[in-house]
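Heads up: the structure comes next, in structure tokens.
Each reported figure results from applying straightforward, stated rules to the coordinates on display, with no laboratory input. Bear in mind the structure is a predicted one, so any value in this text is a computation, not a measurement. With ideal geometry, Cβ positions are generated from the backbone for all residues, glycine too; neighbour counts draw on all protein chains shown.
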Amino acid sequence: MRKLTYFVACTIDGFIGDPKGDATSMYAFVDAEFLEFLTAEYPETISAQGREALGIDRENQRFDTVLQGLGSYRLALDIGLTSPYGHLRELVATRSLAESPDANVELIADDLVGRVRELKAEDGPLDIWLCGGSTIAGALIDEIDELVIKTYPQVYGSGMPMFGADFEPRDFELKDLRVFGNGAFVRTYARKR
């Protein structure tokens, strides 16, 4: 069975964006060391446009599918990209878009949990990347098998939380911690079932 991994960037206080979802202030921490890590370990999480600009031509290491909500997908649409991760199978959870703007993008309007369970049951060596945002992560919180949290040394004070979900403790086990010279760190957690 394939894993659903929430691979996400956040601030020290756990926000993935400002109150409107903007996280551009975190980009300042993607320096040469951090970019080398992303390129080596998670090259598929760099957008197709970013991969082209950086000359990245690596095989997908961990994921062959990306799942995101309309808020995250809209960031690409707003700059004219209809398939920001063309090197992956792309799915967007939305009830707002009636028709996909790209042949590579599948829209999920109903039964998001059921569709994710189908994806997890597929054969294949690579997993599913939950890109964001808060609402979709909250809806899928019980389906998430792994968290990879890129934490940047910033405090927002308020904003968009990692999970838009009701209170209920859920346990995860720390599997890996990587610290970078710029103060950023990446934690990997496995779901305790």
For Glu143, net neighbour charge (Lys/Arg +1, Asp/Glu -1) across residues whose Cβ lies under 9 Å away: 0
Over the chain, what portion of Cα pair distances is larger than 24 Å, expressed as a whole percent? 37
For the chain, what is the calculated [θ] at 222 nm in deg cm²/dmol (nearest 500), taking -39500 (n - 2.57) for each run of four or more DSSP H residues and dividing by its residue count? -6000 deg cm²/dmol
Which of the GluC sites (Glu not before Pro) found in segment 5-78 are in a DSSP loop and have at most 12 neighbouring Cβ atoms, other than their own, within 10 Å? Glu59
Counting other Cβ atoms within 10 Å of each Cβ, which trypsin sites (Lys or Arg not before Pro) in segment 1-57 have at most 11 and sit in a DSSP loop? Lys20
Where labels lie 7 Å past Cα in the beta-carbon direction, separation of Asp13 and Ser100 in nm: 3.9
Once phi for every residue in segment 129-137 is put through the Karplus expression 6.51 cos²θ - 1.76 cosθ + 1.60 (θ = phi - 60°), the whole-Hz ³J(HN,Hα) values, with Gly and Pro written as x, are 9, 8, 7, x, x, 4, 5, 5, 5
Cα to Cα, under 22 Å, and not fewer than 8 places away if on the same chain: which lysines meet these conditions relative to Lys3? Lys120, Lys150, Lys175, Lys192
Mean separation of Cα contacts under 8 Å (6+ apart) over length of the chain, as relative contact order %: 33
Rank-order 137-143, 76-82, 64-70 by packing density, defined as the average count of other C-beta atoms within 10 Å over each peptide's residues, highest first. 64-70, 137-143, 76-82
In the neighbourhood of Gln61 defined by beta carbon distances under 9 Å, the net charge of the other residues (Lys, Arg +1; Asp, Glu -1) is -1
